[in-house]
Amino acid sequence: MKNLNLNIENEIATITFDLVKQKVNKLSFEVLEELNTLLNEIKNDSSIKALILQSAKKNIFVAGADIKEIEAMKTPNEVFTQIIKGDDIFNKLESLPYPTIAYINGACMGGGLELALACKYRVATTNIKTKLAFPEIKLGFFPGLGGTQRAPKVIGLINSLDLILTGKSINAKKALRIGLVDEIFDDGQKEFKLNRFIQKSINKEIKNKKISFVNKLLEKYSITREFIYYKTLKSIEKKVNRDFNAPYMALEVIKQTFNKPLNEGIIIEAKAFSKLAATKESKYMIELFYLFEKFNKNFKKTQDPISNVVVIGNGVMGKGIIWLFSKFLKEVRIKLRKIEQMNSIFKSISKLYSSSVKRRSLSKSEVEFKLNKLSYTNSFDGMNNTEFAIEAIIEDEKEKKDIFKNLEDTLDKDAIIASNTSSISIEKLSSELKNKKNFLGVHFFNPVNMMPLVEIIPSTHTSKKTINRVRELLISCGKTPIIVGDCAGFIVNRILLPYLNEAAFILEEGSNIKKIDKVLKDFGMPMGPFTLADTVGIDIGYKVAEILNNSYGPRMPIAPILNRVYNELKLSGAKKGKGFYLYNKFSKKINNEVTDPYNLNRQFTDEQIIQRCIYIMINEASKCLEEKVVKSADIINFAMITGTGFPPYKGGILNYANDVGLNNILTTLNDLYSRYGLRFKPSKLLIKLVEHKKNFKTGEELWNF
Ligand code: NAI
């Protein structure tokens, strides 16, 4: 055997997963085949009293199925054939005549958890790396090796739906609480405690796991079960577009099979899984997973990772950044204008931590420890050890430059200085600095605690060392940085702003706020453009629109209605309770004041709205490639998915364009160009791609020559 070892000692068989030349254990076809062979070897051995499944890898039990193998399968039939083979092997494991125990010390994910569920018992260690989850939903499918069948039998319907539909991971303590594992202990006590557990299992002394009384009651009767399904469906609908099938289908499979015998349920699960795993949506979700992996590894480990930072500016973004660094680094110094500001900063940051305490991912004392890392000043002092300083003050070139000058005069010559500007050119911001090689843009997204993406924007002077150190810093703080070229709006804002602006043009031509928001939300955006403008802040959006207008000229005019909203009505959005919508504590309604002077009787089709708002972004994305602001279409897809919520299952904006057909997009853009002018003028690259019958996946040589 290459990957699994069987050892039989004192009547106890142990199968150890230790994939050859791999850091993690995965369930590839080869590994499953080896497992099958071993099970055949031991299934009729009457001398064996119990079987243990364990891993020789540090911090990993089994991390899941081999995604590459799933990705390579093109048809549902192909998937089904493989899945059924896997099911047969797990069934064989489940029907062994002696107790079977999964010893989980480390990550136990997806197929790994399904393997563990096919054992009679599960024991997990309290190792911080021990996590149990069904993350499949994030790849566009759901557990397909019996997970939707065995989990409800072990932990009940409600807990299974929660784990399967969210993909969240839980630690050993929580797993014990919901009955997913039977015992937990420290890995250091393995020899004694596992042996004791084995003996108890042989003697049939392990008590049945208990599902909570209330859950049991709710799950018992068909009428209350229907209520559970209904509530679950509603909560999926709130969060997930109908076009993304995985959670809807998972719910349907669980609903259909809850009372069915395992052998029937498994077939229903395998059929539904096979359909999903062969879809384009799932392939795109897998592509996204790989992009996350790639960008998260994209740095060279340094001898001296940054651990000590200064943050200047403490508005929405500054507070988020302070919170982030306090969570991951050793020291965070805050430069205030007035000392009194510290009260509100403490409050906001404690509030950000409170959700971690609620979720029990941090204890109160851990939060206190993190808050104690904060120190503050109202002058540029106490910054001698600073390795990295970031500014997040208002979007004003002169004010920002003043800060950089002060920082350069104060900090050590090796310290890195960064700006969180959302649109001002980094070249311009660094123009008066002496040490330009240590300066760059580090553009976080709002809210910092939720958004994984960060754009790193070097100027022509920024050194490779600086970029690498900042990448390392951000990745160590759980963020995923991408490198983008220096241009107004960088990538995400440059592409997104025309979308918001176009929605405003359509509005003043006679559509209405509700319709436009609904059409684009139904398309798959996390919220409509007007809700988004209100959420980000109309003041912020307007400033970015002005900067883009100044930089790109008549190609990016500001829709007149936005002038009215910002300059005349002085609306700033949800934070002040008034924007395109009026907000109160519980609900929002349309703010009619915005469209008072306009006649809102023109009908726009959904297609017209989508074409104008989405194709204008595609065109801008194409321009970014044409101008080499980024090197690959992948980076744009990734940025728009993680920075704006562009539907990931559509593969990001340029995969979506490929699927619509670049020819169709070009024809529509030409038509819109003739009607509305320059803002729809097709990018040269787009024209070239169509001429060469290429697309954003196949035509790389057309922008990378
Ligand atoms: P904000 O208006 O909430 O906060 C700005 C803060 O800067 C305020 O606390 C203000 O007191 C302080 N400030 C102003 N002038 C200062 C000075 N000379 N020295 C020290 N502090 C000063 O603005 P927000 O939204 O936090 O934006 C900050 C920066 O981050 C801007 O450059 C913005 O473009 C950028 N950004 C904003 C995003 C957003 O969605 N709000 C997203 C990404 C970047």
Exercise. Could you check, for the stretch 495-518, whether at least one of its residues is of a type in the set (Val, Ile, Thr) and touching a Leu at 6+ places or on another chain (Cβ under 6 Å)?
Key: no
Quiz item: Which of the residues spanning the stretch 159-188 are open to solvent by 50 Å² or more (accessible area, probe 1.4 Å) and either under 21 Å from residue 200 (Cα atoms) or in a helix (DSSP H, G or I) (or both)?
Solution: 162, 166, 173, 174, 176, 177, 186, 187, 188
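Of 273, 185, 197, which residue is in contact (Cβ under 8 Å) with a residue 40 or more places away in the chain and in contact with a Gly (Cβ under 6 Å, 6 or more places away or on another chain)?
273
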Exercise. List every residue pair whose Cβ atoms sit under 7 Å apart, with the two residues 6 or more apart in sequence or on different chains, where the first one lies in the stretch 399-419 and is free of Cβ contacts under 8 Å to residues at least 24 places away in the same chain and farther than 12 Å from residue 386 by Cβ and the second, anywhere, is within 11 Å of the ligand (Cβ to nearest atom) and open to solvent by 30 Å² or more (accessible area, probe 1.4 Å).
Key: 399/393
Self-check item: Every pair of residues 6+ apart whose Cβ atoms lie under 8 Å, when the first sits in the stretch 336-347 and is in the same structural domain as residue 372 (by TED's automatic domain parsing) while the second is in a loop (DSSP other than H, G, I, E, B) and more than 9 Å from the ligand (Cβ to nearest atom)
Solution: 336/378; 337/378; 338/378; 339/378
Exercise. Within the stretch 69-117, count every residue that is part of a helix (DSSP H, G or I) and under 29 Å from residue 199 (Cα atoms).
Key: 15
Quiz item: Are any residues in the stretch 410-450 hydroxyl-bearing (Ser, Thr, Tyr) and either open to solvent by 10 Å² or more (accessible area, probe 1.4 Å) or within 13 Å of the ligand (Cβ to nearest atom) (or both), and if so, which ones?
Solution: 410, 419, 421, 422, 423, 425, 431
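Okay, residues lined up against (1) part of a helix (DSSP H, G or I); (2) away from the ligand (no atom under 16 Å from the Cβ); (3) open to solvent by 20 Å² or more (accessible area, probe 1.4 Å); (4) of a type in the set (Val, Ile, Thr):
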residue: 283; (1), (2), (3), (4): yes, yes, yes, no
residue: 295; (1), (2), (3), (4): yes, yes, no, no
residue: 306; (1), (2), (3), (4): no, yes, no, yes
residue: 311; (1), (2), (3), (4): no, no, no, yes
Self-check item: Boolean, residue 205 is more than 20 Å from residue 60 (Cβ to Cβ) and not in a helix (DSSP H, G or I)
Solution: yes
Exercise. Could you please find all residues in the stretch 351-409 being within 15 Å of the ligand (Cβ to nearest atom), in a helix (DSSP H, G or I) and open to solvent by less than 50 Å² (accessible area, probe 1.4 Å)?
Key: 352, 400, 401, 403, 404, 407
Practice problem: Please enumerate the residues belonging to the stretch 324-337 that are open to solvent by less than 30 Å² (accessible area, probe 1.4 Å) and either more than 11 Å from the ligand (Cβ to nearest atom) or closer than 24 Å to residue 472 by Cβ (or both). | Solution: 324, 325, 326, 329, 332, 334, 335
Practice problem: Those residues that are part of a loop (DSSP other than H, G, I, E, B) and within 16 Å of the ligand (Cβ to nearest atom), I need them from the stretch 517-532; list them, please. | Solution: 526, 527
Quiz item: Among the listed residues 126, 148, 75, which satisfies the condition of being touching a Phe, Trp or Tyr at 6+ places or on another chain (Cβ under 8 Å), farther than 18 Å from residue 35 by Cα and open to solvent by 20 Å² or more (accessible area, probe 1.4 Å)?
Solution: 126
Exercise. For residues that are closer than 30 Å to residue 650 by Cβ and either more than 16 Å from the ligand (Cβ to nearest atom) or open to solvent by 20 Å² or more (accessible area, probe 1.4 Å) (or both), tally how many sit in the stretch 313-323.
Key: 2
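Take the conditions open to solvent by 30 Å² or more (accessible area, probe 1.4 Å), within 16 Å of the ligand (Cβ to nearest atom) and over 30 Å from residue 174 (Cβ atoms) and apply them to residue 340. Does it pass? Talk me through it step by step, then tell me what you get.
Values: open to solvent by 30 Å² or more (accessible area, probe 1.4 Å): yes; within 16 Å of the ligand (Cβ to nearest atom): yes; over 30 Å from residue 174 (Cβ atoms): yes.
Yes: the conditions hold for residue 340.
So that you can scan it fast, the table gives a plain yes or no per residue for (1) assigned by TED's automatic domain parsing to the domain that holds residue 105; (2) touching a helix residue (DSSP H, G or I) at 6+ places or on another chain (Cβ under 6 Å); (3) closer than 25 Å to residue 135 by Cα:
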site	(1), (2), (3)
14	yes, no, no
20	yes, no, yes
31	yes, no, yes
42	yes, no, no
52	yes, no, yes
71	yes, yes, yes
74	yes, no, yes
80	yes, yes, yes
85	yes, no, yes
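I'm checking my understanding of the structure. Among residues of the stretch 605-650 that are among the basic types (Lys, Arg) and either part of a helix (DSSP H, G or I) or not assigned by TED's automatic domain parsing to the domain that holds residue 510 (or both), which one is nearest to the chain's Cα centre (by Cα)?
Let us first name the residues in the stretch 605-650 that are among the basic types (Lys, Arg), namely 612, 623, 628, 631, 650.
Next, only the ones that are either part of a helix (DSSP H, G or I) or not assigned by TED's automatic domain parsing to the domain that holds residue 510 (or both) stay: 612, 623, 650.
Details: 612: 27, 623: 26, 650: 15 Å.
It comes out as 650.
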Quiz item: Which one of these is over 30 Å from residue 126 (Cα atoms) and either assigned to a helix (DSSP H, G or I) or of a type in the set (A, V, I, L, M) (or both): 191, 264?
Solution: 264
Self-check item: Candidates 386, 377, 410 - the one that is over 25 Å from residue 463 (Cα atoms) and either in the same structural domain as residue 357 (by TED's automatic domain parsing) or touching a strand residue (DSSP E or B) at 6+ places or on another chain (Cβ under 9 Å) (or both)
Solution: 377
Quiz item: Any chance the stretch 497-516 includes a residue that's outside any helix (DSSP H, G or I) and open to solvent by 10 Å² or more (accessible area, probe 1.4 Å)?
Solution: yes
Practice problem: Restrict the check to the stretch 585-605 and report whether at least one residue is within 16 Å of the ligand (Cβ to nearest atom), open to solvent by 50 Å² or more (accessible area, probe 1.4 Å) and either modelled with pLDDT of 95 or more or touching a Pro at 6+ places or on another chain (Cβ under 6 Å) (or both). | Solution: no
Exercise. Could you give me the residue pairs with C-beta distances under 6 Å whose first residue belongs to the stretch 138-150 and is assigned by TED's automatic domain parsing to the domain that holds residue 120, whose second residue is in a loop (DSSP other than H, G, I, E, B) wherever it lies, and which are 6+ apart or on separate chains?
Key: 138/167; 143/134; 147/134
Quiz item: So which residues in the stretch 533-576 are out of contact with any Gly (no Cβ under 9 Å at 6 or more places or on another chain), closer than 20 Å to residue 506 by Cα, open to solvent by 20 Å² or more (accessible area, probe 1.4 Å) and within 16 Å of the ligand (Cβ to nearest atom), if there are any at all?
Solution: 546, 549
Self-check item: Residues of the stretch 199-209 classified as closer than 18 Å to residue 179 by Cα and surrounded by 11 or more Cβ atoms within 10 Å (Cβ to Cβ), total
Solution: 4
Exercise. Determine, yes or no, whether residue 46 is under 23 Å from residue 1 (Cβ atoms) and open to solvent by 60 Å² or more (accessible area, probe 1.4 Å).
Key: yes
Quiz item: Which one of these is acidic (Asp, Glu) and either in contact with a strand residue (DSSP E or B) (Cβ under 7 Å, 6 or more places away or on another chain) or farther than 30 Å from residue 649 by Cα (or both): 546, 502?
Solution: 546
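The values are calculated or read from the model by the stated rules, or taken from the named source; none is laboratory data. On a predicted model such as this, the values are computed, not experimentally measured, just so you know. Quick reminder, even Gly has a Cβ in these numbers, built from the backbone with ideal geometry, and neighbours come from all protein chains shown. These area figures cover heavy atoms from the full protein model, side chains too; ligands, DNA and RNA do not enter into them. Shrake-Rupley method; radii C 1.70, N 1.55, O 1.52, S 1.80 Å.
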